[in-house]
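Colleague: Handing you a structure now.
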Amino acid sequence: MTASEIMSGRPREKRLSVLYVLLTGFSVGTLLVGTVMHSLWPDWRWHHEPLHSTLEAVGGLVAIAMAMVLLYTPDASRAGKQRALAAGFVGMGLLEEFHAIAPPGNGFVLFRNLASLAGGIGFVLVWRSHAPNNESEPRWLPWLIGTCALSAGTWFLIFPEQIPEMIRNGEFTPTAVAPQSLACLLFLAAMGRFLLDYRLSGRLEDALFASVALLFGMAEFVFMYSIPWDNRWWFWHALRLMASVLALGYITRSYVQVIGDLKASLSQTLRAKETLSQSEGRLRQVLDERERMAQDLHDSTIQSLFAIGLNLERCQRLVSTNPIDVGAQLSTAVAGLKAVIRELRGYILGSEPPVLNGRSLEAALASLVDEMNNSRQLYFRLEVSPVAADQLTSEQASQLVAIAREAMSNSLRHSAARTGTLTLDVHDGYVRLPVEDDGVGFNPRTVQGHGQGLNNMQTRVTKLGGRLEVISEPGHGTQIVCDLLQEKSDVAS
């Protein structure tokens, strides 16, 4: 044994010694008090049925509550012991309620005998479940004891003539004393088991139940030498009341512990919920940023690269016939590639896009039209109302540029159009951006839900609280119209 084990064992031995002294002193004191009371007031009687019934009823309710606590706050390592105790408490509690309502007489005493025996049997059964993790007591034992107690109580209330003589000439008969003697032995035997368990485990519950068993045992002992309503009669009731107070303390402690556990569990749940909410928010932020980048890359970078690719294809066709024009086209393509590189570098570094309002928006749209016209396959005409441009916020302006780029790129790739128009004006309280071409057109219903470009445009417009309309039919060109509510510009033009 190590020094630390020796030191940790000393406080337990000290507590155990104190407990032994207290229990021994209490037992001796109980005997002395009972003897002194009878010697000083041998003829004292106090016949008070309401007080007696109240004490027994309260004791019975406390015992039943104790049984429920033991059953519904189980300890896996002590389940068998808890079920045995619960059986004793529930049987004793129910029969004490019958004792409380019975009129003085044979039935009155018989119910007391049965209650003591039921409690003693439940308590002494802890010897069967003393090993750790032993669940020898079946789960139905408390319910069986409770059912038997209810049946016996009901039977003797209905058929009192079946009750043997329990009181003769104002004193208890041997028939009444014998069950109490047995109950006394059962409770004291259970006390011994609890003391052994306390010695092994040091758990306060074992010390508590050892004290309760002693109180019940001493109450039964004093009962054997008392007569109805004398001082010793009230003394053993006081001992049982003390046992009920200890049991009530255990119930209160268990209740407080359950409330504390519930509060701790609630606090942990709230913290977990808050952490989950924060994680969900961060994940949503990452997903939103990823979606935004995907939209921007598709609607800006990819469309720019597509236009540059068309320009290079034209250079490939003109290299042998018009080298001067090829050089100019190559310069345009190089400039476009540099612009794409700047955009990609901005995405990588997380830099904000430039603020667009007023004249800067007009310049961005003009640059976009020039980029598309450099392909020499489709020529767009630009019409911008300065009043409309000044009504847009920087966010609206940036999104409109992306929408215009996607719509013009679609015309360039799919419409086989020769001319197109990009317009920004004010219409019925909205800032309107129509992109129109004279191409082959299509049936919008056949492509609804398909194509990332149209979906991106719809997402951007919905985010701004606007509306997007696609007007087209085969052989009659296409018009994409975006309407946004007018707002005061947040950056001076």
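Colleague: Could you tell me how many of the residues in region 224-257 are over 32 Å from the mean Cα position of the chain (by Cα), within 17 Å of Met66 (Cα to Cα) and of a type in the set (Gly, Ala, Ser)? Working first, answer last.
Modeller: Narrowing region 224-257 to residues over 32 Å from the mean Cα position of the chain (by Cα): 224-247.
Applying the additional criterion that residues be within 17 Å of Met66 (Cα to Cα) yields 240-247.
If we keep only those that are of a type in the set (Gly, Ala, Ser) as well, we get 243-244, 247.
Within region 224-257, residues that are over 32 Å from the mean Cα position of the chain (by Cα), within 17 Å of Met66 (Cα to Cα) and of a type in the set (Gly, Ala, Ser) number 3.
Colleague: Within region 125-147, can one find any residue that is of a type in the set (Val, Ile, Thr), surrounded by fewer than 19 Cβ atoms within 10 Å (Cβ to Cβ) and modelled with pLDDT of 90 or more? Steps first, please.
Modeller: Of all residues in region 125-147, those of a type in the set (Val, Ile, Thr) come to 126, 145, 147.
Those left that are additionally surrounded by fewer than 19 Cβ atoms within 10 Å (Cβ to Cβ): 147.
Remaining after also requiring modelled with pLDDT of 90 or more: 147.
Taking every residue of region 125-147 in turn, at least one turns out to be of a type in the set (Val, Ile, Thr), surrounded by fewer than 19 Cβ atoms within 10 Å (Cβ to Cβ) and modelled with pLDDT of 90 or more.
Colleague: If you go through region 26-72 one residue at a time, how many are open to solvent by 70 Å² or more (accessible area, probe 1.4 Å) and touching a helix residue (DSSP H, G or I) at 6+ places or on another chain (Cβ under 6 Å)?
Modeller: 2
Colleague: Can you work out which of the residues in region 219-240 that are buried (at least 18 other Cβ atoms within 10 Å of the Cβ) and aliphatic (A, V, I, L, M) is farthest from Val58 (Cα to Cα)?
Modeller: So the residue we want is Val222.
Colleague: Is region 446-461 home to any residue that is crowded, with 21+ Cβ neighbours inside 10 Å, of a type in the set (Ser, Thr, Tyr) and at pLDDT 80 or above?
Modeller: no
Colleague: Go through Phe209, Phe223, Phe172, Phe156 for me and flag whichever is touching a Gly at 6+ places or on another chain (Cβ under 8 Å) and closer than 21 Å to Met92 by Cα.
Modeller: Details: Phe209 fails: touching a Gly at 6+ places or on another chain (Cβ under 8 Å); Phe223 fails: touching a Gly at 6+ places or on another chain (Cβ under 8 Å); Phe172 fails: touching a Gly at 6+ places or on another chain (Cβ under 8 Å).
That would be Phe156, the only listed residue that is touching a Gly at 6+ places or on another chain (Cβ under 8 Å) and closer than 21 Å to Met92 by Cα.
Colleague: For a quick check of your reading of the model, give me the residue pairs whose first member lies in region 80-99 and is closer than 10 Å to Gly153 by Cβ and without any contact (Cβ under 8 Å) to a residue 12 or more places away in the chain, whose second is open to solvent by 10 Å² or more (accessible area, probe 1.4 Å) and in a helix (DSSP H, G or I), with beta-carbon atoms closer than 8 Å and at least 6 apart or on different chains.
Modeller: Between residues of region 80-99 that are closer than 10 Å to Gly153 by Cβ and without any contact (Cβ under 8 Å) to a residue 12 or more places away in the chain and residues that are open to solvent by 10 Å² or more (accessible area, probe 1.4 Å) and in a helix (DSSP H, G or I), there is no close pair.
Colleague: Go through region 79-109 and give me each residue that's more than 17 Å from Ala190 (Cβ to Cβ), open to solvent by 20 Å² or more (accessible area, probe 1.4 Å) and part of a helix (DSSP H, G or I).
Modeller: Keep residues of region 79-109 that are more than 17 Å from Ala190 (Cβ to Cβ), which gives 79, 94-109.
This time we only want the ones that are open to solvent by 20 Å² or more (accessible area, probe 1.4 Å), so: 94, 97-98, 101, 103-106.
Within region 79-109, Leu94, Glu97, Phe98, Ile101, Asn106 qualify.
Colleague: Within region 305-314, does at least one residue satisfy the condition of being at pLDDT 70 or above, within 20 Å of Leu412 (Cα to Cα) and under 52 Å from the mean Cα position of the chain (by Cα)?
Modeller: Yes - at least one qualifying residue is present in region 305-314.
The values are calculated or read from the model by the stated rules, or taken from the named source; none is laboratory data. In this text, all values refer to a predicted model and were calculated from it rather than measured experimentally. Methodologically, a virtual Cβ is constructed for each residue, glycine included, from the backbone with ideal geometry; neighbour enumeration extends over all protein chains shown. We work out accessible area using only protein heavy atoms, side chains counted, and drop any ligands, DNA or RNA first. Shrake-Rupley method; radii C 1.70, N 1.55, O 1.52, S 1.80 Å.
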